[in-house]
Amino acid sequence: MISLLSETLVYAQSHAAELLNSLGEHLFLVAVALGISTAVSLPLGIWTSRSRTVSVTVINIFNGLRVIPSIAILFLAIPVFGLSNTSAIIALTLLAFPPILINTDAAYRTIDPAIRESAAGMGMTGQQSLWRVETPLALPVIVAGVRTAAVEVIASATLAAFIGIGGLGLFVVRGFALYEIPILLVGAIPVALLALTADLLLGGLQARLQPPA
């Protein structure tokens, strides 16, 4: 085991520039996919939380996407967008939609109607109640959805290497191809650490946003 880790470290040091470049590509794919999915899911989740019919329809559609493997979506996007970042981002964005959308819908839907009535009684408009009262209460649940999506996207971004886009998956693919475990670990270990870091950071943010009991 020590020998394996030593070989992994030696390979990482000898390919430091390539590793840093792959890390940057990986983070770029993750950031764009999470940014797009969050920007779309938040207003969509608020809308669906206001209508049971719309909620069932929209969420069932996005839940259906979870059944399709990310690599299948990736290869379906290739004929249209080619071997590009766009194909990878589409696949990762669709993967991130369901947890963020479902949590946003649930966060606003489960707010006690009495809270909205109290806000209205204080003279707040619907928009003021939404942003000043409901959103602070909904944020912990929304962040929990982003947390789940972030971990899934970080892990799945390794798929980009299968179409030559890069990212940390490059080392995973190379390690498999050459049957060299140290090379595979050079990609796998940073991905695991990134996922763990994202989970801890967003978990801490979620705890801080949680209203006091």
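The values are calculated or read from the model by the stated rules, or taken from the named source; none is laboratory data. None of the values given here were measured: they were computed from a predicted structure. Glycine also receives a Cβ, built like all others from the backbone with ideal geometry; neighbour counts cover every protein chain displayed.
For the range 198-212, give me the residue count where each residue is part of a helix (DSSP H, G or I) and either loosely packed, with under 14 Cβ neighbours inside 10 Å or among the acidic types (D, E) (or both). Show your work before the answer.
Kept after step one, since they are part of a helix (DSSP H, G or I), are these residues of the range 198-212: 198-209.
Within this subset, residues satisfying the condition of being either loosely packed, with under 14 Cβ neighbours inside 10 Å or among the acidic types (D, E) (or both) are 199-201, 203-204, 207-208.
So the answer is 7.
Remark: I102 falls outside the filter, which requires a residue to be among the aliphatic types (A, V, I, L, M), surrounded by 13 or more Cβ atoms within 10 Å (Cβ to Cβ), under 25 Å from the mean Cα position of the chain (by Cα) and not in a helix (DSSP H, G or I). With of a type in the set (A, V, I, L, M), farther than 24 Å from Q210 by Cα and assigned to a helix (DSSP H, G or I) as the only criterion, which of A144, A150, A155, A138 stands out? Unique residue meeting the criteria: A155. Hey, could you check the range 175-194 for residues that are at pLDDT 85 or above and surrounded by fewer than 18 Cβ atoms within 10 Å (Cβ to Cβ) and say which is farthest from N21 (Cα to Cα)? Taking the candidates together, the pick is I181.
Residue-by-condition table, conditions (1) more than 26 Å from L19 (Cα to Cα); (2) aromatic (F, W, Y); (3) surrounded by fewer than 21 Cβ atoms within 10 Å (Cβ to Cβ):
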| position | (1), (2), (3) |
| --- | --- |
| V146 | yes, no, no |
| A149 | no, no, no |
| S156 | no, no, no |
| L168 | no, no, no |
| F171 | no, yes, no |
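Evaluate the range 108-119: report whether one residue or more is surrounded by 14 or more Cβ atoms within 10 Å (Cβ to Cβ) and modelled with pLDDT under 80. Checked the range 108-119: at least one residue is surrounded by 14 or more Cβ atoms within 10 Å (Cβ to Cβ) and modelled with pLDDT under 80. Can you tell which of I46, I78 is in a helix (DSSP H, G or I), β-branched (V, I, T) and modelled with pLDDT under 80? Exactly one residue qualifies, and that residue is I78. Kindly indicate the residue of the range 170-213 that is touching a residue at least 40 places away in the same chain (Cβ under 8 Å) and touching a Phe, Trp or Tyr at 6+ places or on another chain (Cβ under 7 Å) and also farthest from L5 (Cα to Cα) among those meeting that condition. Going through the qualifying residues, I end up with G187.
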